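S.K.: Quick one: this structure, given as structure tokens, is what I'll be asking you about.
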Amino acid sequence: MSDILVFIDHTNGSVAKTASELLTLARSLGGAHAVIAGTSSDLDAAVPSINKFGAQAITLLESNEINNHPSSAIAKAIAELAATLSPKAILLPSTARGKEIAGRLAVRLESGIITDAIGLSSDLVATQSIFGGSTVVHSRVSKGIAIVTIRPNSIEASESPASATINKVPTSVSIGAQITTREPAIRGARPELSEANIIVSGGRGTDGNFAPIEELADVLGAAVGASRAATDAGWYPHSHQVGQTGKTVSPQLYIACGISGAIQHRAGMQTSKTIVVVNKDPEAPIFDIADFGVVGDLFAVAPQATAGIKARKG
Amino acid sequence: MKIVVCVKQVPDSWAEKKLSPDKVLDRASVDAVLNDLDEYAVEEALRIVEANGGAEAGHTITLISMGPERAQEALRKGLSMGADTAIHVQDDALAGSDALSTSRVLAEAIKRENPDLILTGTESTDARMSVIPAMLSERLEISHLSFAGEVAVDVNAKVVKTKRMTDEGVEAMESAMPVIVTVIEKINEPRYPSFKGIMAAKKKSITELALADLGITPTEVGNGGAWSEVKDFALAPARGAGVKISDEGNGGSALVDFLAEKRLI
């Protein structure tokens, strides 16, 4: 039974990391039925990555234009598919796009929605970590199909190769809002913040100089984050803000440099697996949640750490 | 042009939040403020009006909020920034409403106004679901331009163009009005209410609406009408503080040793 629909986000057939996590989760709940929107060539490119994580079926919502429109077109097509398949649940990534589609599905399918879950049990009880990880909540959808968005990085993907049956559904897009041009973000070598395994963040203590933060991040293959104090001061782009009014992240390793740790910031990072802190102020509240803390000047400690890691790597 | 801005009163994002025994956010124990992210939507509405001939040209800004009595404080803040009027949907039956109910109530309140443009922030800093604008788009059957870092309104052609800015990049988007636009925090710098603005806001009217005014039955919303239920909750085990050392010249090396020991490098 492939009774869990999984929305596969992709760019020209290159499948997002969240797909492997959602497919792994769906396998544990029954069977995974992957849904992807785009062209046949997008599908061809995506199938190997989807099969690797054990989908039993793949439905292509086939359209040349669907990705040139906002999420409404995809939501409409998934809702129509769900109406015929009656799945137990629909899983989407808890990303900007995933949540937009999920909200629309809830209205269209008259179904309850849970966002930002970090786990989902076989009886569809979702676990959420809220208020910056201070509270763990268990909840479940009580009406309709369970629509659940899963926070990236919260499920450990595991491979289980399969050969899914493939079904193509021609999908029309009605004229509405349109995307007229698209400039993909210029990706540096650094990973995306919400998907990164390691994040190095800077705050007020950088005094606007993020060079030591970036150098340490690069030697670790990490993403760069920033506190609200740093983004409000214009020292680093808002898109890198971690915290209550920024991104919630949960990496394997979070290194906070020159960040005091107001709840505003902790709310976005305290579910990180390991937290390392560098701060001049021994009383900074962020030390309370640190696995390893160095009371010291980040301009001395971070470069020394960067050099030390380089030396180890040879 | 008629602009509606949806706003919410939330616990201050600098404060610690907790759930109350009845499994909803304890709003009484924390300071309440206008959701930070909604201030950008109010500011953008003011700028759009100012760029298109102001109130003299017949443009108006109406704030809509659903919430308990004290939500009026958030509406007053928006009015003191310069919005013209406000609508407060308040009903005891709304307590504990989920996103589906909230979007339904807001959609009915918006329909009464018949606006050309609806502005919202990206999310409330309390629930952080970020689904209300997309739900409103479905319920009102109008387009949604999300994550707008730039908004340009052509009043005559009734077209709105935005730049959607996300981690994936920048997308130029456009839609005919009416349309819902969600703005991100880098779009502008919200103004502080002036003394004159604060005084003027005290005289501005806030229209009160109850569920009956919107044609919604009380049992359809609130805790009883919710589409999902909280089974239980618990405080997460506190993170114990770990090792803390003082940098005596080898703090960086000690940090590297810790990472190596934990097999993180």
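S.K.: Remind me, relative contact order of chain A in percent, using alpha carbon pairs under 8 angstrom and six or more residues apart?
M.R.: Relative CO of chain A lands at 14 percent.
S.K.: Same structure, new question: Using modelled backbone amide H atoms (1.01 Å from N, in-plane), which distant-in-sequence or interchain residues come within less than 5 Å of A:R182's amide H?
M.R.: Answer set, sorted by chain and number: B:A172.
S.K.: Do me a favour and compute the ellipsoid semi-axes for the stretch B:89-208 from its Cα gyration tensor, root of five times each eigenvalue, largest one first, whole Å.
M.R.: The equivalent ellipsoid of the stretch B:89-208 has semi-axes of 24, 20, 17 Å.
S.K.: Further question: Over the stretch A:138-285, what per residue volume does the convex hull of the Cα atoms give, in whole Å³?
M.R.: 220 Å³
S.K.: Please compute the contact order of chain B in relative form: average sequence separation of alpha-carbon pairs under 8 Å and at least six residues apart, divided by the residue count, as a percent.
M.R.: Over chain B, the number comes to 23 percent.
S.K.: Something else now. Quick check on the stretch B:26-170: of the DSSP beta bridges with both residues there, what percent are antiparallel, nearest 5%?
M.R.: Values: 8 of 13 bridges.
Bridges in the stretch B:26-170 that DSSP calls antiparallel: roughly 60 percent.
S.K.: OK, next. Along the positive direction of the dipole of the protein assembly as shown (beta-carbon charges: Lys, Arg +1; Asp, Glu -1; about the Cα centre), which of B:I184, B:A127, B:G67 reaches farthest?
M.R.: Going by the Cα projections, it comes out as B:A127.
S.K.: In terms of Cα to Cα distance under 19 Å, which aspartates and glutamates are near enough to B:K111, apart from those fewer than 8 places away along the same chain?
M.R.: Leaving aside aspartates and glutamates fewer than 8 places away in the same chain, those within reach of B:K111 are B:D84, B:D91, B:E138, B:E141, B:E208, B:D213, B:E220.
S.K.: Between the helical axis of A:40-52 and the dominant principal axis of chain A, each derived from Cα atoms, what acute angle in degrees is found, rounded to the nearest 10?
M.R.: Tilt relative to chain A: about 70 degrees.
S.K.: Can you list the lysines whose alpha carbon sits under 24 Å from that of B:K203, skipping same-chain ones fewer than 8 residues off?
M.R.: In chain and number order, the partners are B:K2, B:K8, B:K77.
S.K.: With bins 10 Å wide starting at 0, give me the P(r) of the protein assembly as shown over every alpha carbon pair, in whole percents.
M.R.: 3, 17, 27, 27, 18, 7, 1, 0
S.K.: At a Förster distance of 51 Å, what's the computed FRET efficiency of B:V243 paired with A:N167, Cβ-Cβ distance as r, to 0.05?
M.R.: Once the sixth-power term is evaluated, E becomes 0.40.
S.K.: Related question: Kindly rank A:7-14, A:273-280, B:196-203 from highest to lowest mean number of other beta carbons found within 10 Å of each residue.
M.R.: Packing proxy ranking, top to bottom: A:273-280, A:7-14, B:196-203.
S.K.: What are the lysines whose alpha-carbon lies under 29 Å from the alpha-carbon of A:K17, with same-chain residues fewer than 8 places away excluded?
M.R.: A:K52, A:K76, A:K88, A:K99, A:K168, A:K247, A:K273, A:K310, A:K313, B:K163, B:K186, B:K262
S.K.: Take every DSSP beta bridge with both residues inside chain A and express the antiparallel ones as a percent of the total, to the nearest 5.
M.R.: 20 percent
S.K.: Restricting to DSSP H runs of at least four residues, report the calculated mean residue ellipticity at 222 nm for the protein assembly as shown, -39500 (n - 2.57) per run over all residues, nearest 500 deg cm²/dmol.
M.R.: Here the helix-only value at 222 nm equals -9000 deg cm²/dmol.
S.K.: What whole-number value in cubic angstrom gives the convex hull volume per residue for the C-alpha atoms of chain A? Don't skip to the end; give the middle numbers.
M.R.: Working: hull volume 44.8 nm³, N = 314.
Dividing the Cα hull volume of chain A by its residues yields 143 Å³.
S.K.: Peptide B:116-124: average number of partner chain Cβ atoms within 10 Å per residue?
M.R.: Taking all residues of B:116-124 together, the mean is 1.
S.K.: Taking the Cα atoms of the stretch B:19-178 alone, what are Rg (to one decimal) and Dmax (as a whole number) in Å?
M.R.: Here Rg and the maximum Cα pair distance are 16.2, 53 Å.
S.K.: List A:S142, A:S111, A:S174 from most exposed to least, where exposure is judged by having the fewest other Cβ atoms within 10 Å. Intermediate values should be presented prior to the final figure.
M.R.: Working: A:S142 12, A:S111 23, A:S174 8.
Ordered from fewest to most neighbouring Cβ atoms within 10 Å, A:S142, A:S111, A:S174 come out as A:S174, A:S142, A:S111.
S.K.: Moving on. Per residue, how big is the convex hull around the C-alpha atoms of the stretch A:179-232? Give it to me in cubic angstrom, could you?
M.R.: Values: hull volume 5.9 nm³, N = 54.
Roughly 110 Å³ of hull volume per residue.
S.K.: Per residue of A:127-138, how many C-beta atoms from partner chains lie within 10 Å of its own C-beta, taken as a mean? Could the numbers behind the result be given before it?
M.R.: Details: counts 0, 2, 1, 9, 10, 3, 2, 7, 7, 6, 7, 6.
What the average comes to for A:127-138 is 5.
S.K.: Take the alpha carbon gyration tensor of the stretch B:155-256, find the square roots of its eigenvalues, order them as a ≥ b ≥ c, and report rounded if a/c is under 1.5; if not, report prolate when a/b exceeds b/c, else oblate.
M.R.: Here the stretch B:155-256 falls in the prolate category.
S.K.: So how do B:L264, A:L105, B:L75 line up by other beta-carbon neighbours within 10 Å, fewest first?
M.R.: With the sparsest Cβ surroundings first, the list reads B:L264, B:L75, A:L105.
S.K.: With the cut-off at 25 Å, report for the stretch A:86-218 the share of all Cα pairs above it, as a whole percent.
M.R.: 49 percent
S.K.: Now, a different point. Take peptide A:241-247, look around each residue's Cβ out to 10 angstrom, count Cβ atoms belonging to other protein chains, and average those counts.
M.R.: Going residue by residue through A:241-247 and averaging, the value is 4.
S.K.: Where a ≥ b ≥ c are the square roots of the eigenvalues of the C-alpha gyration tensor, would you call the stretch A:1-118 rounded, which needs a/c under 1.5, or, failing that, prolate if a/b is larger than b/c, or oblate?
M.R.: The shape class here is rounded.
S.K.: Could you please rank A:S172, A:S71, B:S253, placing first whichever residue has the fewest other Cβ atoms within 10 Å of its Cβ?
M.R.: Final ranking by Cβ density, sparse to dense: A:S172, B:S253, A:S71.
S.K.: Using the alpha-carbon atoms, what tilt in degrees (0 to 90, nearest 10) does helix A:96-109 show relative to the longest principal axis of chain A?
M.R.: Its long axis makes an angle of about 40 degrees.
S.K.: Between the stretch A:172-251 and the stretch B:26-56, how far is it from one alpha carbon centroid to the other, in angstrom?
M.R.: 25 Å
S.K.: Taking 45 Å as R0, compute the FRET efficiency from the Cβ-Cβ separation of A:A45 and B:E229 and round it to 0.05.
M.R.: 0.65
S.K.: Let me ask you something else. Evaluated at 4 °C with a viscosity of 1.567 mPa s, what Stokes-Einstein diffusion coefficient in µm²/s does the stretch A:213-314 have when Rh comes from the Kirkwood expression over alpha-carbon pairs?
M.R.: Approximately 94 µm²/s, per Stokes-Einstein.
S.K.: Counting DSSP beta bridges with both partners in the protein assembly as shown, what percentage is antiparallel, nearest 5?
M.R.: Bridges in the protein assembly as shown are about 35 percent antiparallel.
Readers should treat all values here as calculations from the given coordinates under stated rules, not as data from a laboratory. Quick caveat, the model's predicted, so the values are computed rather than measured. Note that we place each Cβ from the backbone using ideal geometry, even for glycine, and neighbour counts take in every protein chain shown.
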